[in-house]
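Take a look at the structure below.
Taken together, the values in this text are just the output of simple stated rules run on the coordinates, not laboratory data. Everything numeric here is computed off the predicted structure, so don't read it as measured data. FYI the Cβ positions are ideal-geometry reconstructions off the backbone, even for glycines, and counts take in every protein chain you see.
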Amino acid sequence: GQSLEQPSEVTAVEGAIVQINCTYQTSGFYGLSWYQQHDGGAPTFLSYNGLDGLEETGRFSSFLSRSDSYGYLLLQELQMKDSASYFCAVRDGANTGFQKLVFGTGTRLLVSP
Amino acid sequence: DTAVSQTPKYLVTQMGNDKSIKCEQNLGHDTMYWYKQDSKKFLKIMFSYNNKELIINETVPNRFSPKSPDKAHLNLHINSLELGDSAVYFCASSLRTGGSVTEQFFGPGTRLTVL
């Protein structure tokens with residue numbers, strides 16, 4: 001089967017650094033993506049890792065270790081507007097040959113002043 | 001300017017009714033999706049179309065029938081609505097190049113409430 005585990009909630013203060021972990025178990029793996037979703041909003045793409053290592057995009061970085069079936073999203077210099085839910089998603093294409101996104105359970109990040 | 005649009009934004013209806021949700025994208029993408037997000041915010045794919053052809057059909061009741069009249073549109077029709085269908089339904093689109101799916105762009109969502 002497929003499963004992706006994330007912490008349900010993380011809290012931090014403005015200016016801090018926070019790491020959101022994701023462990024996954026899927027039958028086919030073509031990369032790990034991260035999406036942000038504000039309350040009442042749509043998921044928006046943040047980052048993608050197809051190979052092991054760190055990808056940096058501004059204040060956000062994402063890491064992948066395929067041998068450990070593990071990845072994380074690192075948010076630096078936290079701002080109030082970063083309060084949102086963050087989802088990891090595995091690109092899985094094992095059964096049909098067509099890739100699809102399998103989303104994790106989501107992590108709610110609360111940033112306080 | 002809207003990349004992926006959905007109508008309606010809110011849908012409140014009685015059990016047993018039939019309803020449709022429409023989705024359009026102006027990004028030139030060739031692949032479109034329907035997702036269901038439940039009250040616990042769990043986001044799960046329902047269907048995917050590539051160039052108007054159904055390529056992914058997750059174990060969804062056959063009361064749900066997607067239709068793609070062209071690459072830019074993907075509609076979702078739901079028959080005999082049930083209480084458990086209450087959720088937010090998101091349409092999304094992406095480019096599929098060489099078998100690899102790129103980032104997905106999501107519509108604003110349709111909040112369906114079945115009474």
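Observations on the model:
- Rg over Rh [alpha-carbon atoms, Kirkwood Rh] for chain B: 0.95
- Estimated dipole of chain A in Debye, rounded to 20 [Cβ of Lys and Arg +1, of Asp and Glu -1, Cα centre]: 260 debye
- In chain B, taking the dipole from charged Cβ atoms about the Cα centre, the farthest positive-side position among B:T110, B:A87, B:S48 is held by B:A87.
- Charges were assigned to the Cβ only: +1 to each Lys and Arg, -1 to each Asp and Glu. The resulting dipole of chain B about its Cα centre is roughly 200 debye.
- Percent antiparallel among DSSP beta bridges (both partners in chain A, rounded to 5): 90 percent
- Within the protein assembly as shown: Cβ-based charge dipole about Cα centre, in debye rounded to nearest 20 (Lys, Arg +1; Asp, Glu -1): 600 debye
- For the stretch A:63-113, the percent of C-alpha pairs falling in each 10 Å distance bin, counted from 0 to the bin holding the largest distance, reads 20, 40, 28, 10, 2.
- Given charges at Cβ of Lys, Arg, Asp, Glu: chain A dipole, positive-most of A:Q25, A:S112, A:S62: A:Q25
- Dipole of the protein assembly as shown, positive end: most advanced residue of A:F98, A:A16, B:T13 [Cβ charges, Cα centre]: B:T13
- Based on every Cα atom in the stretch B:58-98, Rg and the maximum pairwise Cα distance Dmax equal 12.6, 40 Å.
- Over 25 Å apart at the Cα level, from the set B:K9/B:K36; A:K100/B:K41; B:K19/B:K67; B:K41/B:K71; B:K36/B:K67, are B:K41/B:K71.
- Simple spin-label estimate for A:I17 and A:L110 in nanometres, 7 Å along Cα-Cβ: 2.4 nm
- The mean sequence distance of close C-alpha pairs (under 8 Å, at least 6 residues apart), as a share of the length of chain B, puts its relative contact order at 36 percent.
- 15 Å cut-off, amide nitrogen to a point 7 angstrom out along B:H77 Cα→Cβ, residues in the stretch B:4-30: B:17-23
- Square roots of five times the Cα gyration tensor eigenvalues for the protein assembly as shown, Å: 29, 21, 16
- Rounded to whole Å, sorted largest first: equivalent-ellipsoid semi-axes of chain A, Cα gyration tensor: 25, 14, 12
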